[in-house]
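Working notes for the structure below.
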Amino acid sequence: MAAGSNGDHSFIDVAGLTVEFPLEDHVVHALDRVSFTVAENEFVALIGPSGCGKTTILNVLAGVVPPTAASRLTLRGQALEAVPRGTVGYVFQDPILLPWRTIEDNVRLPLEVLGMDTPDHRRRVGELLALVGLTGFARGYPKQLSGGMKQRAGIARGLVFDPSLLLMDEPFAALDEITRTGLNTWLQDLWLKTRKTVMLVTHNVLEAVFLADKVIVMASNPGRIKEVLAVNLPRPRTLEMFSSPAFVEEAALIRESLHRDAGAAEVLP
Amino acid sequence: MTSGGGGGRTAAPRRRVGARARTRLELLATTVAVLSLWEASPLMGMQDFILPPPHQIVRKFLAIYPSVFYHSWITLVESVLGFALAFLGGFPLAIGIVHWRFMEKTVYPYVVAVRLIPVISIAPLMVIWFGIGMTPKVVVSALVAFFPIVVNSVVGLRSGAVEALKLMRSLKATPGQIFWKIRLYASLPYLFSALRVSATLAVIGAIVGEFVGGSDKGLGAMMLQAQAFLYTDTLFVGVVFSAILGLLLFGAVALVERRVLFWHESVSTDNP
């Protein structure tokens, strides 16, 4: 899983990515000439202070926010606009379940949109609900679920059409510590099983070290990449490793990178 | 507003039940006091063609109730038809305004401007155009109920749950899919809050249509005749039945709303 397999065969190749949001009197550079690559099956964490454009990177890759013309983005060697529907799954910070649909129907929504609503794929809805532990709530409505359950339903929806790239925007940020740790372990298992390429936005250094092969450290104003660090810890990673010297050292490196040349107030969680 | 079993509400704490019972008791006491004072008004020199006491109104109703029911039925039919027409015209129009820039630029400004005309002032025109039958009453009723439905539906269809739109765009959904799977549902709370207002407006429109319509059917016509003969008690019967019709339509909308919007947090949302 070496992070270095660059060249023409990167799964994601981003070069000179710039995103501007025009305001009334000036232009905000949400991202300023950001370049990075992601290998297939790699788990990448994006970490940085608020406003550094982490989420914007995901939004661009999902096709929700347009980059400026000079930016070059390819996914599996194809220009981003040419990538077929159903290649990218997106799990949002707020799970965005549609309140008028049952949990089952929420998870099935992407299949309907992508024209994949066949019996075979429907079976996948049931499998995924089992995987995220929501089988008993399939016929329930979002307002009956807790925050953690909603988020797991959101993850099931992101995976239901078997995307080759999964984008996750602080999926566990709103959850309590215990649920969060549990879901992180679960997410690693899921990833080891499916080996999807994952890009995870997080505020949490320990979460990044626990899950990622590679951590992209960002800075804000304008949004840019400070450093890309590989996490060299064996898999599967366990909760016991949190206190191991190697884990602590990886976390310290990331924390040090985050704080370097930054006002303390900008970085502290 | 309904006392109906409270099935939808979560069990309220005991204290609140007590408070509600007391509010009801206070309301009952006030009502009894007002009615007693009203009943005693002839003793204080009030003439009954100005203010007939309640028992006289009730006696009058018992004497003429078949005709009251008949006129109420006519007005109810006009209101329901007007309301249906307003919905069937208003909601699709709102969809058009939201989806085609052309309609937004050309039609919507007129909708907003025409809304400022008191529709009642158009009623005499409707009589010239549509005669003295049921049609002009239905049209006036529809016109009054129409505008809240259009304006609120436009707001609702545009609201379209911004976050959900982001989800749909990440899936590269087509505009049709976004409409049928998101916008339509997201607009329903707004639509229903307009429908509740329009239901009572439709009854007002029908009665105004009858006032100017020169026909002899409907609660409005009944009240005009009563006014001509100074049958003040009949007028009061007409007022009560107009209110009942309004409540009937409002209640019907609220009932449908509960079934359709069961998924919504607050089941009934109000917005300006």
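Values in this text are rule-based calculations from the coordinates and carry no lab data. It should be emphasised that the depicted structure is a prediction, and the values quoted were computed from it without experimental measurement. A quick note on method: Cβ atoms are made from the backbone with ideal geometry, for glycine too, and the neighbour counts reach across all protein chains shown.
What's the ranking of A:69-75, B:169-175 by average number of surrounding C-beta atoms within 10 Å, highest first?
Details: A:69-75: 15.4, B:169-175: 18.0.
Going by the mean number of other Cβ atoms within 10 Å, highest first, we get B:169-175, A:69-75.
Could you list A:Lys143, B:Lys166, A:Lys54 so that the one with the fewest beta carbons within 10 Å of its beta carbon is first and the one with the most is last?
Ascending Cβ contact count within 10 Å gives the list A:Lys143, B:Lys166, A:Lys54.
Among B:Ser79, B:Ser242, which comes first, second and so on when ranked by fewest other beta-carbon atoms within 10 Å?
Sorted ascending by nearby Cβ count, the order is B:Ser242, B:Ser79.
Percentage of Cα-Cα pair distances in the range B:64-260 greater than 30 Å, rounded to whole percent?
Of all Cα-Cα distances in the range B:64-260, 30 percent exceed 30 Å.
Apply the Kirkwood formula to the range B:128-228: the hydrodynamic radius equals the inverse of the mean of 1/r over all pairs of different alpha-carbon atoms; give it in Å with one decimal. Before the final figure, lay out each step's value.
On the way: mean 1/r = 0.0629 Å⁻¹.
Here the Kirkwood hydrodynamic radius works out to 15.9 Å.
Which pairs in the list B:Lys105/B:Lys137; A:Lys150/A:Lys196; A:Lys150/B:Lys166; A:Lys54/A:Lys214 are over 19 Å apart, alpha-carbon to alpha-carbon?
B:Lys105/B:Lys137; A:Lys150/A:Lys196
Might you report the magnitude of the Cβ-based charge dipole of chain B about its Cα centre, with Lys and Arg at +1 and Asp and Glu at -1, to the nearest 20 debye?
Details: 23 positive and 12 negative charges, 277 e Å.
Rounded to the nearest 20 debye, it is 1340 debye.
What is the average number of partner chain Cβ atoms found within 10 Å of a Cβ in B:170-183?
That works out to 5 on average.
Describe numerically, in nm with one decimal, the distance between label points set 7 Å from Cα along Cα→Cβ at B:Leu230 and at B:Ala29.
Simple spin-label model gives 4.0 nm for this pair.
Say each of B:Trp263 and B:Ala84 gets a label point 7 Å from the Cα, pointing the same way as Cα to Cβ; how far apart are those two points in nm?
Going by the 7 Å Cα→Cβ label model, 2.8 nm.
Of A:Val231, A:Gln151, B:Ala202, whose Cα points farthest to the positive end of the dipole of the protein assembly as shown (charges on the beta-carbon: +1 Lys, Arg; -1 Asp, Glu; origin at the Cα centre)?
It is B:Ala202, whose Cα lies furthest towards the positive end.
Take every Cα-Cα pair in the range A:1-155 and report what % of them are more than 28 Å apart.
Pairs farther apart than 28 Å: 36 percent.
Ignoring everything except DSSP H segments at least 4 long, calculate the 222 nm mean residue ellipticity for chain B; use -39,500 (n - 2.57) per segment, divide by total residues, nearest 500.
Details: 11 runs with 200 residues, N = 272.
Calculated mean residue ellipticity at 222 nm is -25000 deg cm²/dmol.
Positive end of the charge dipole of the protein assembly as shown (Lys, Arg +1 and Asp, Glu -1 on Cβ, about the Cα centre): tell me which of B:Ile117, B:Ala161, B:Leu28 has its Cα farthest that way.
B:Leu28
Pick from A:His121, A:His26, A:His259 the residue whose mean-square fluctuation is largest in a GNM of chain A, springs joining Cα atoms under 10 Å.
Most flexible of the set in this elastic network: A:His26.
Counting only Cα atoms, I'd like the Rg/Rh figure for the protein assembly as shown, Kirkwood definition for Rh. It would help to have the intermediate numbers written out before the result.
Working: Rg = 32.3 Å, Rh = 28.4 Å.
With Rg and the Kirkwood Rh in hand, the quotient comes to 1.14.
Let me confirm one metric for peptide A:106-116, namely the mean number of other chain beta-carbon atoms within 10 Å of its residues' beta-carbons.
That average works out to 3.
Under Stokes-Einstein, with the Kirkwood radius over Cα pairs standing in for Rh, what whole-number D in µm²/s applies to chain A at 37 °C and 0.692 mPa s?
It comes out at roughly 170 µm²/s.
Just need the relative contact order of chain B here, percent rounded to a whole number, with Cα pairs under 8 Å and 6+ apart.
After rounding, I find 23 percent.
Which order do B:Val111, A:Val217 fall in if you start with the one that has the fewest other Cβ atoms within 10 Å?
Values: B:Val111 18, A:Val217 23.
Arranged by neighbour count, lowest to highest, B:Val111, A:Val217 become B:Val111, A:Val217.
Under a GNM of chain B (C-alpha, springs under 10 Å), which listed residue has the highest mean-square fluctuation: B:Gly90, B:Gly218, B:Gly131?
Judging by the Gaussian network model, the answer is B:Gly131.
Which log10 I(q)/I(0) values, to two decimals, does the range A:153-249 give at q = 0.15 Å⁻¹ under the Debye formula with one point per Cα?
-0.65
Please check: in the Gaussian network model of chain B (C-alpha springs, under 10 Å), which one of B:Ile204, B:Ile64, B:Ile120 has the largest mean-square fluctuation.
B:Ile64
Under a 5 Å amide H to amide H cut-off, with H placed in plane at 1.01 Å, what residues pair with A:Ser220 once short-range neighbours are removed?
none
Calculate, in nm to one decimal, what B:Ala243 and B:Ser121 gain on full extension: separation in residues at 0.36 nm each, minus their alpha carbon distance.
My answer for the length gained is 41.7 nm.
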